[in-house]
Amino acid sequence: MPADFDTIVNLAKRRGFVFQSSEIYGGLRSAYDYGPLGVEVLRNVKDEWWRSMVRLRDDVVGLDSAILQSPEVWVASGHVSSFSDPLVECRECNARHRLDKLTNPDQCPTCGNSDTFTEPKEFNLMFKTHMGPVESEDNQVYLRPETAQGIFINFENVRRTARMKLPFGIAQIGKSFRNEITPGQFVFRTREFEQMEMEYFCHPNDAAEKFQEWVDLRHEWYLDLGMNPDNLRLRAHEDDELAHYAAGTYDVEYLFPWGWDELEGIANRTDFDLKAHMERSGEDLSYFDQEADERFVPYVIEPAAGATRTTFAFLIDAYTEEEVDGEQRIVLKLDPRLAPVKVAVLPLSKKPDLVETTQKVARAVRGRWATEIDITQSIGRRYRRQDEIGTPYCVTVDFDSLDDDQVTVRDRDTMAQDRVPIENLETYLAERLP
Ligand code: GAP
């Protein structure tokens, strides 16, 4: 079973992974700030995604498009007309709910009354703002609700300048915004969040095969980063669940404390988006295959993941409680690639010569791995803190270190300790850390 929800949220707040946005003003609901440790894990998740999707592939290139785009983009994509959820309001307590997420569509989960809902109203999820000093209909723009459209509208720019031949992909990581009716479950569903999306353009005849390839590759990515296979599954969308643009979709789902829920969707978007932008912009976004002497509009396979949501899932999955010598030990067994701190250097006492050696040791490894010096409190408490934040290796500088130039390295998972000469420390860690 996955970790208890409140326990994870408490750990995330207590140790500085995630803070409520605008906390000193009472908090802004459904927006979060990532603290010193959270920003490192989030960055590591995004880096791992970018490495596997862009750096390690010949057929995928990156992009960082603007959050603000022409409003025409969202008309063409169908978001202005169809990016909405059914909203109902309880006449008794005025609570608003998303009708399709209610277990009982006739009963208000807030006050418990039945048959008190208004008629469902389609509520568009896009945030609106204005460009320039005048607030009028003419200069209204949207905050992007997905990063994907920035990719479609740059298809031709990228193809031409990067000289890409089909099949090829364009990947992007960035913020998206949705005015969700019912945000919640901490950072799982927020109104401002980060996505990691890739649009893979191919010949329509290859789409079915590429779709299956990407479903498998994306499933594998989570497992490779240490996610427990029992907590991960693939689920095909039923026909009535499919988004307006999709011919087929698989969700990668994680067993969250409240049950199975989506981490990522892999969709066959067909030629819906490119055709829609061709029609609205008047630009030709078709592709000419010189070898086959054939012109066509590419199909698109889209693996679309949430960076913030995935980070949360990795934290939940890594959370472990164990009993050691009759005492409870909390360990975040994050894959070292995702751990916010890779090496903690701990002097046994605050004596200046120990601290000086500690700083020397930290300097020797800091350039290569995220390193932290922790000086205060007993060594036992410091080990416990490092276990709780998932630090794979603690290096202890003790009084003997001053004479023998050796340190003790403790492994987070096994708690085994090795005595290692300081001059060999980097090699020792390099054999164990990415
Ligand atoms: N371009 C396709 C697209 O955006 P989506 O399923 O709506 O598809 C992709 O979003 C991923 O983005 C989701 O699987 C989820 O991980 C993340 N996501 C979507 N809405 C979110 C929200 N309100 N808060 C956090 N993450 C969200």
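Read-outs: derived from the displayed coordinates by stated rules, not from any lab. Remember, predicted model here, so these are calculated numbers, not experimental data. So basically every Cβ, Gly included, is an ideal-geometry build from the backbone, and we count neighbours across all protein chains shown.
Going Cα to Cα from K121, which lysines come in below 28 Å? Please leave out same-chain ones fewer than 8 positions away. Straight-line reach from K121, under 28 Å: K101, K175.
Across the chain, Cα-Cα pairs farther apart than 35 Å form 41% of the total.
Here is the size of segment 290-434 from its Cα atoms: Rg then Dmax, 20.9, 76 Å. Over all directions, the projected convex hull of the C-alpha atoms in segment 381-434 averages 3.9 nm² in area.
Sorted by packing (mean other beta-carbon atoms within 10 Å per residue), highest first, where do 104-110, 339-345 land? The partial results should precede the final answer.
Working: 104-110: 13.6, 339-345: 24.3.
Highest to lowest by the protection proxy: 339-345, 104-110.
Give the dimensionless ratio obtained when the Cα radius of gyration of segment 69-158 is divided by 2.2 N^0.38 Å. Taking N as the residue count of segment 69-158, the ratio is 1.46. With everything on Cα atoms, drop me the angle between helix 307-318 and the longest principal axis of the chain, reported from 0 to 90° to the nearest 10. It is inclined by approximately 40 degrees.
Over segment 255-378, how many pairs of lysines fall under 23 Å by alpha carbon, counting only those 8 or more apart in sequence or from different chains? Provide the component values of the computation, followed by the final result.
On the way: K333/K342; K342/K350; K342/K360; K350/K360; K351/K360.
For segment 255-378, the number of qualifying lysine pairs is 5.
When a footprinting reagent is the concern and you count Cβ atoms within 10 Å, what order do E356, E372 take, fewest first?
Working: E356 13, E372 20.
Listing E356, E372 from fewest to most nearby Cβ atoms yields E356, E372.
Given Cβ point charges of +1 (Lys, Arg) and -1 (Asp, Glu) and nothing else, what value in debye, to the nearest 20, does the dipole of segment 341-430 about its Cα centre take? Provide the component values of the computation, followed by the final result.
Values: 14 positive and 16 negative charges, 90 e Å.
Using Cβ point charges on Lys, Arg, Asp and Glu, segment 341-430 gives about 440 debye.
How much mean residue ellipticity at 222 nm does the chain get from its helices, if each DSSP H run of length 4 or more adds -39500 (n - 2.57) and you divide by all residues, to the nearest 500 deg cm²/dmol?
So the helix-based figure for the chain works out to -8500 deg cm²/dmol.
Taking the fewest neighbouring Cβ atoms within 10 Å as the starting point, the ordered list for K350, K275 is K350, K275.
Computed from backbone phi with θ = phi - 60° and the Karplus coefficients 6.51, -1.76 and 1.60, the 3J(HN,Hα) list for segment 254-263 is 10, 7, 6, x, 9, x, 5, 8, 6, 9 Hz; x is used for glycine and proline. Between E199, E322, E262, the residue with the greatest mean-square fluctuation in the GNM of the chain (Cα pairs under 10 Å linked by springs) is E322.
Starting from segment 131-171, pick out the trypsin sites (Lys or Arg not before Pro) whose DSSP state is loop and whose Cβ has at most 10 other Cβ atoms within 10 Å. Intermediate results must be reported in sequence, preceding the final value.
On the way: sites: R159, R160, R163, K165; in loops: R163, K165.
Here the trypsin sites (Lys or Arg not before Pro) that fit, given the DSSP loop and packing criteria, are R163.
Going by neighbour counts of Cβ atoms within 10 Å, the residues Y32, Y299 line up, fewest first, as Y32, Y299. Placing unit charges on each Cβ (+1 for Lys and Arg, -1 for Asp and Glu) gives the chain a dipole about its Cα centre, and among V61, I266, Y245 the Cα reaching farthest toward its positive end belongs to V61. Evaluated with a Cβ-only charge set (Lys, Arg +1; Asp, Glu -1), the chain carries a dipole of roughly 1420 debye about its Cα centre, given to the nearest 20. For segment 84-124, the percent of C-alpha pairs falling in each 10 Å distance bin, counted from 0 to the bin holding the largest distance, reads 37, 56, 7.
Toward the positive end of the charge dipole of segment 341-430, with +1 on the Cβ of Lys and Arg and -1 on the Cβ of Asp and Glu, the farthest Cα among A370, Q417, V397 is that of A370.
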